[in-house]
Every structure is written in C-alpha cells, then in structure tokens.
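Q: First, the structure itself, so that you have it in front of you.
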Amino acid sequence: MQTYGQVLEHWKKIETLGSAQSILYWDMETYMPEGSTPTRQAHLTLISGLIHQWTNDPKFKEAVLSQKIKASNEIEKRNLELWTKSILVSSAVDEKFVAKFSKISTECNVKWRAAKKDSNFKSIEPLFKELVSLCRENLEKIKNLPDLKSRYANKSLYGVAFDQFEPGLDITEMEKLLTNLCKGTKDRLPQFIEKAQKNKKDIQIDPKLINKEFCKDLMGKFAFDFTKGRLDESTHPFCGGTTGDVRLTTRLNPTDAVEDLFSTLHELGHALYEQGLPEKTAYEPAGKACSMGVHESQSRFLENFIGRSRAFSNYLAQKLNVDAEALYSRLNPIKLDYIRVDSDEVTYNFHILLRFEMERDLMEGKLEVKDLPEKWNARFQELTGLKVTKDSLGCLQDTHWYSGSFGYFPSYSLGNMFAAELFVDFQKAHPDWSEKVSQGHFEFVRNFMADRVYPLAAHYDSPETMQKIIGRKVSEQTLLQYFDKKFG
Ligand SMILES: [Zn+2]
C-alpha cells in the first residue's frame, strides 16, 4: 500500500465486514432462533477475527504508521489520525485474545439473559469474572502502548476505557460534570417530586392505538428513510445496522404502550443521526458518529426535550383521544425507580452515577465481581432511599457489562447535558417550535440536527465537536436550568 487511495480501499473492506457483523448482531437480538447460538458464535468469531486481522494487516499498518502517505485535505488528515489510533489500540492484543474475548463475551451475554430472568447473579458470576478480567487486561495493554503514551500515560484504566467512547474528554472532567449534576438534582428533587405528585392525573390510554404502525408513522413524520432502514421488536431496544441500512428496534409491551412509543423516539434519534451522516464519507473513520455522548444527545433530544414536552403531549393527546394535561403529567412523572430505562429524565442521572462508580471500581480492580450486588445495592439505597430486593432490579438489569462493554455509561448523562445545550439553541432558532410540534410537524427538528450536528460527523474529538456546534463548553447548569423551568 503506497497511496492514500489504496489505504482507503483496504479500510472500506473492513467497514463493509463490520456492517455485515452489525446486521448479524441485530438478527441475534430479533429473529434468531435460540438454538442457533453456537452457529452465530462461529459467524461472529470468524468476522471479528478477520476484522482484527485486516486492521492489523502489516502493509496497512506500515502505510499508515510510516507517515509517508500524504493527506490532500482535512478529512484525509483526520482519517489518517483516526486510523493511527485504531491501529495502535487494536494492536494491543493478538488474534487469540480477540477470539477468546468474542467467545466469552457472546457466551456471557447469552447467559446474562437467563440470569436476569431468574434474578440469579451467582449463575453468571464465574463467567462474568473472566470477562471483567479480559477487559482489564485489554485496557492495561492499551495504556502501556509506547505510541499512545502521551494520550494514556496519566490516565486510569477506566479513563482509557472511557476514551474509547468519548474520545478526547478526560474522565476527571466527566466525573465533575456528573457529580455536580447529581448534586444539583438531589437538592431540587423534593420540590420536583411534590409538584409532580400534585399535578398527577389519572389517564387511560388504549394500548392498541400505539402499535408498530403508529411508531412507523411517527418515524416517517421525522423523515426517517424507510428505504434504508426498518423497525422491529427486541427485548432491549437498540439502534443497530449501518448508515446505509439502519436497524431500529423497540419493545411492544401491550400493558405499557406509551413507554414503547418513547423508546421508539429514543432510538429514532440515534437512527436519524446515523442516516444523516454524510454519505460520501460513510465508510471512513472521519465520517462516523463523533462519540457515544453526541449519539445519546440525539436520542435524548427526541425522547425528552421534544417527546416529553407540553407541545408533543398536545399532539399525542389528539391522536390518542385523551386529555392533554393528563397525558403530560403521565409522561413526566418524577419518582425514584429501580430500573434505569424506566426512570424519569431527572432521576435518570442517579442511575448513571451509580454505574459510573461501579464500573470504574471494577476496571480499576477496587471492586471484586463477587461483591458487585452488595455494593450496588448499598450505593443505590444511598442515592435513592430504595432497597434492592433482587438482582434483576439491581446489577443485572443492563446488558452492557455482560457483553464486555465498560466505560459507556457516563456518555448517557453527557448526552443529556449536551441535548440541553442543543435545546437552548433550538428554541432560539425556532421560536415557534411548540406550535409546530403541537400540530404534528417534526421534520424541522430533524433538519435542525442535520444543519448543526450531522455534517460534523467525527471530524473532531468529542469536546471539540460539542464546542463547535454550540459555541461554548457543555455545562451541567444548562440541564439543571431546564429541569427548574420544567419541573420546578
Ligand atoms: Zn441511546
């Protein structure tokens, strides 16, 4: 490989295989028969091995790392920078490690489902312990890479993990934002709860009205492109697939249809971002989503800032033939809950603080896997006053850790904070936004993001991207002010 063009061609091969891999993951979560797990494990093991092999192709690595390849514009320069980082990070472990990691994490994920169902942490403990130790080994190796010393030498193992999801944002900065946010929230909470209780009204919603067709219709109103994406069902809603083929899933629970609608809105925010990334650079590292925090800002914006607004309640109330005030209070309860994904937009960040502390201590070897349930329950009670009586309501509720993903959780709260910043600018750009939303016009919401957020893709690291979009630094105060205005 001698030229930039040859390097790019090679990378496109890796990206193409990666997108096939994500469709296989989507299938595993939606339609794959249970008995096919070993077959699928074989697919995924082979694919992740191949991706690792191609990423580590000596010719590709040499071409990128030699710095002999000349970039002819800023995007090419950024691609070379991102390739360099990803080559170095992935070279930290060998193929044998990658295959082992893929096998253990797939197995652990499958076992986690049963463990969660039976609320039995013990049943997954040995396998999970092995997975945690593999993750730590991986981080240790990345941290000690000579060529990444300037980036990671002063970071904790957890800081290294966080950088894989939120490149460029220091973990101590994130910790400050998150703890200040939770402190500010805690002070305000009694007042918010009291007001929400006072405004609570009974409401009956016909769950039959909110079905898959309803969700699809809403997606269409936000200009989701159904020729390059689809909606299906899964236990844990997610947005997968790839820019040219976005696979969105939702839960369709007949007893709580309203929540399904909001999980669809959430995933739709992710999906629109993926669909809106510049097509020209879809297979290039600089053309990807910037970070998990920016991704999450997109989903939170739709779910909470638009979806749980008074204006959206007005729109939805007409559709569902219910009282708009009652619907608004139904969509905006403030109450402490065991389950992260069921919690309201205010107390949600407590759940993140808890996970942040637990995963930080697991990765830094300060918390042993066997002590996780006890530590989780104690800290949860401290934060919320609620006593966890079974692990399915506690440390078994989320899939992330059991698939080997650590360092992701803080991005959820960062996304909330960045969404609040975007909302300030959105209101300035569209002073009539609530009339439009009340009338069921949503395309302009997507267009606002298409204007400000999507085109930047991963041209810069996360803090720089956010700064460029809003022209200031993200502050937890903006989200707290939004809480005050809405719930105070
Ligand atoms: Zn999300």
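What follows is calculated from the coordinates using simple rules that are stated; it is not laboratory data. This is a predicted model, so every value here is computed, not measured. Glycine gets a Cβ as well: all are built from the backbone with ideal geometry, and neighbour counts include every protein chain shown.
Q: Under a point spin-label approximation (7 Å from Cα along Cα-to-Cβ), what is the Thr255-Ser133 distance to one decimal in nm?
A: So the two model labels end up 4.1 nm from each other.
Q: In addition: At a Cα cut-off below 17 Å, give the lysines reachable from Lys208, other chains included and same-chain residues fewer than 8 away excluded.
A: Qualifying lysines at Cα under 17 Å: Lys216, Lys319.
Q: Rank these for me by crowding, Asp425, Asp163, going from fewest to most other beta carbons within 10 Å.
A: Numbers: Asp425 15, Asp163 25.
With the sparsest Cβ surroundings first, the list reads Asp425, Asp163.
Q: Which FRET efficiency, nearest 0.05, do Gln381 and Gln6 yield, Cβ-Cβ r, R0 60 Å? Numbers along the way, then the final one.
A: Values: r = 58 Å, r/R0 = 0.97.
Efficiency, from the Cβ-Cβ distance: 0.55.
Q: Fewest Cβ neighbours within 10 Å first, please rank Leu272, Leu189, Leu265, Leu353 accordingly. The partial results should precede the final answer.
A: Working: Leu272 29, Leu189 18, Leu265 25, Leu353 21.
Least crowded to most crowded, the residues run Leu189, Leu353, Leu265, Leu272.
Q: Can you list the lysines whose alpha carbon sits under 18 Å from that of Lys68, skipping same-chain ones fewer than 8 residues off?
A: Hits, sequence-local ones excluded: Lys59, Lys77, Lys85.
Q: Same structure again: Can you figure out the FRET efficiency of Asp342 with Lys68, using R₀ = 51 Å and their beta-carbon distance, to the nearest 0.05?
A: On the way: r = 54 Å, r/R0 = 1.06.
Working from the Cβ atoms, E equals 0.40.
Q: Along the Cα-to-Cβ line of Lys473, 7 Å from the Cα, sits a label point; which residues in the stretch 160-176 have backbone N less than 20 Å from it?
A: 163, 166-176
Q: In debye to the nearest 20, how big a dipole does the stretch 172-487 give about its Cα centre with +1 on each Lys and Arg Cβ and -1 on each Asp and Glu Cβ?
A: With only Lys, Arg, Asp and Glu charged at Cβ, the dipole is about 580 debye.
Q: Can I ask one more? Using only the alpha-carbon atoms of the chain, report the extent along each of the three principal axes, biggest first, to the nearest angstrom.
A: On the principal axes, the chain reaches 65, 50, 44 Å in Cα extent.
Q: In what order do Met466, Met363 fall by count of nearby beta-carbon atoms within 10 Å, going from fewest to most? Provide the component values of the computation, followed by the final result.
A: On the way: Met466 27, Met363 23.
Sorted ascending by nearby Cβ count, the order is Met363, Met466.
Q: Can you work out D for the stretch 4-166 in µm² s⁻¹ from Stokes-Einstein, where Rh is the Kirkwood radius over C-alpha pairs, the temperature is 10 °C and the viscosity is 1.306 mPa s?
A: Working: Rh = 17.8 Å.
Using the Kirkwood radius from Cα pairs, D works out to 89 µm²/s.
Q: For Lys116, list the lysines whose Cα falls under 19 Å from its own Cα; do not include residues on the same chain fewer than 8 positions away.
A: Cα-Cα hits under 19 Å: Lys129, Lys370, Lys375, Lys387, Lys390.
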